[in-house]
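Worksheet for the structure shown next.
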């Protein structure tokens, strides 16, 4: 077992979780020394989500890249019952590396999950969740553009379009939606609905804003905050807004009964 995983398990025993699931590249066996360690911790706790994360990170004190998520057994069971795409990925790739009931550290591949698509109601709910986040991201992009934070506006425009297109794919029943390329996601939407085809080439420029808007080492000189200009931010924002409008027109609001849940 990976030494970093052993450190995590040793630290989390004090947290007394029901289960710790390793997923991602380390669980699949294709990680390198720069890869994150991805874990899901299952613990019955009344604390809010962000406070649980604080407890876990304080216990582990990682000196490596760690992505941890903490769910109660009830939350995880409900997410699994809804066939939440993220939980489906964890269950597909994951290994249980600690389980309280067994009283010891071990590894066990989780059983594979169901068929290729989500049920219609589940798919529609997941699509609406992603669209809601895309609409929030669009507001963030606009705020940055108005504040003249041009590189941030470009990045959040890319994120907006990415999540909006993923919203449509989940709404359409896709269970596994991966990748960050707006171009490729738009193509995937176009294969499901021809109305997206004109969007494909128009939104392609957003892909150039995924890396160099954030990292100086992605640029030949200068820093993102200096390189991107008002015209870049406006153009990116217009493309993001066009994408959100397109997807919102394809995903109707939830029926009243679902909104009340």
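Taken together, the values in this text are just the output of simple stated rules run on the coordinates, not laboratory data. Worth saying up front: this structure is predicted, and the values here are computed from it rather than measured. Note that each Cβ is placed from the backbone with ideal geometry, even for glycine, and that neighbours are counted across all protein chains shown.
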| query | Label residue 195 and residue 25 with points 7 Å out from Cα along Cα→Cβ: what is the distance between them in nm? | reply | 3.8
| Antiparallel content of DSSP bridges confined to the chain, in %, to 5 | 70
| So what is the relative contact order for the chain, in percent, with contacts set as C-alpha pairs under 8 Å and at least six apart? | 16
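Tell me whether segment 141-261 comes out rounded, prolate or oblate; compute the Cα gyration tensor, take square roots of the eigenvalues as a ≥ b ≥ c, and use a/c under 1.5 as the rounded threshold.
The shape class here is prolate.
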| query | Expressed as a rounded percentage, what relative contact order does segment 174-214 have, with Cα pairs under 8 Å and six or more residues apart? | reply | 36
| query | Nearest 10 degrees, 0 to 90: what angle lies between the long axis of helix 120-146 and the longest principal axis of the chain (Cα atoms)? | reply | 60
| Gain on full stretching of the segment that runs from residue 13 to residue 136 - 0.36 nm per residue minus C-alpha separation | 40.5 nm
| task | State the Cα centre-to-centre distance between segment 1-52 and segment 197-237 in whole Å. | result | 34
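Tell me the relative contact order for segment 183-250 as a rounded percent, counting alpha carbon contacts under 8 Å between residues six or more apart.
Taking the mean separation of contacting Cα pairs over the length of segment 183-250, I get 25 percent.
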| Could you give the angle, 0 to 90 degrees to the nearest 10, between helix 182-192's Cα long axis and the longest principal axis of the Cα atoms of the chain? | 90
| task | Between 40, 178, 90, find the one with the highest GNM mean-square fluctuation for the chain; connect C-alpha pairs within less than 10 Å. | result | 178
| task | Scan [x] 1, 4, 6, 7, 7, 8, 9, 9, 9, 9, 8, 6, 4, 4, 3, 3, 2, 1, 1, 1, 0, 0, 0, 0; [y] 1, 6, 11, 13, 14, 15, 15, 13, 8, 4, 1, 0; [z] 1, 6, 14, 18, 21, 19, 14, 6, 2, 0, 0 for the value of P(r) over Cα pairs in 5 Å bins from 0, in percent calculated from this model and give just the label. | result | [y]
| Helix-only [θ]222 nm of the chain, DSSP H runs n ≥ 4, -39500 (n - 2.57) each, per residue, nearest 500 | -16500 deg cm²/dmol
| remark: Placing each pseudo-label 7 Å from Cα in the direction of the beta carbon, residue 235 and residue 58 end up separated by a distance in nanometres of 4.8
| field | Pairwise label distance in nanometres, residue 101 with residue 242, each label 7 Å out on the Cα-Cβ vector | value | 5.3
| request: With a ≥ b ≥ c taken as the square roots of the eigenvalues of the C-alpha gyration tensor of segment 1-73, please select rounded if a/c is under 1.5 and otherwise prolate if a/b is larger than b/c or oblate if it is not? | output: prolate
| task | Working from Cα positions, state the angle (0 to 90°, nearest 10) between the long axis of helix 3-12 and the longest principal axis of the chain. | result | 70
| remark: Which of 153, 240, 27 fluctuates most in a GNM of the chain (C-alpha springs under 10 Å)? That residue is 27
